[in-house]
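As structure tokens, the structure follows; a few thoughts come after it.
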Amino acid sequence: MNWGVRRLGPWVVVCIASACTFHASCGNRLNGKKLTKALSAFAKQRLGVEPDRVECPDDIPLRSGHEFDCTVHVGDLAAPVHVVQTDDSGSVTFGFSQAIVTAETVQAGLVDRLKSATGVDAAVDCGQRFRLAEPGASFECVATNPQGQKLAIPVTVVDKDGNVRFGTPRPVR
């Protein structure tokens with residue numbers, strides 16, 4: 001069966017939500033262990049895997065409005081997390097500083113979209129498992145039908161939450 005290629009149209013996939021609130025204090029310093037534990041749980045919820053490690057600055061004073069960055073490591077991904085203290089008691093908000101697009105989510109969206117647009121069950125490969133991206137960044141996924149025909153599908157990140165839009169597929173030669 002051929003692809004019956006047509007425009008997939010504007011379509012957005014929600015990939016990663018990006019913010020969280022937490023309370024972590026110990027004396028007159030932010031409790032680093034609580035914070036890294038909360039960031040680890042946040043990353044696991046958003047990415048679907050336990051981070052390899054979380055790095056934050058040491059000895060953070062309790063001070064409303066104080067901002068700093070931590071880094072969540074998952075495989076080759078080093079994702080920056082921006083943290084803001086919201087009071088003098090250790091309440092913080094945090095979120096990924098950049099969009100994190102997961103291949104699994106994009107691939108599932110493309111498989112569904114191709115099935116509904118063409119009736120073809122395709123295998124889709126979007127490359128690396130996680131990618132950091134700014135809005136406007138783009139990459140390609142490759143869809144392969146059961147006969148081995150391939151389509152390159154442009155994917156554009158539309159916002160900091162990791163939502164994406166699919167472009168017009170083109171045959172891969």
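Data for the structure
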quantity	calculated
So V101, is it crowded, with 19+ Cβ neighbours inside 10 Å, at pLDDT 90 or above and in contact with a Gly (Cβ under 7 Å, 6 or more places away or on another chain)	yes
Selection status of T21, open to solvent by 20 Å² or more (accessible area, probe 1.4 Å), modelled with pLDDT under 85 and in a strand (DSSP E or B)	yes
Verdict on R131 being more than 16 Å from T36 (Cβ to Cβ) and surrounded by fewer than 17 Cβ atoms within 10 Å (Cβ to Cβ)	no
For S138: the one exception among (1) surrounded by fewer than 16 Cβ atoms within 10 Å (Cβ to Cβ); (2) within 28 Å of A41 (Cα to Cα); (3) modelled with pLDDT of 95 or more	(2)
Among (1) open to solvent by less than 40 Å² (accessible area, probe 1.4 Å); (2) over 14 Å from the mean Cα position of the chain (by Cα); (3) within 30 Å of R29 (Cβ to Cβ); (4) modelled with pLDDT of 95 or more - the single one H73 does not satisfy	(2)
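The values are calculated or read from the model by the stated rules, or taken from the named source; none is laboratory data. Nothing here was measured: the structure is a model prediction, and the numbers come from that model. When we count neighbours, we look across all protein chains shown, and the Cβ atoms used for this are built from the backbone with ideal geometry, even at glycine. Calculation scope for accessible area: heavy atoms of the full protein, side chains included, ligands and nucleic acids excluded. Shrake-Rupley method; radii C 1.70, N 1.55, O 1.52, S 1.80 Å.
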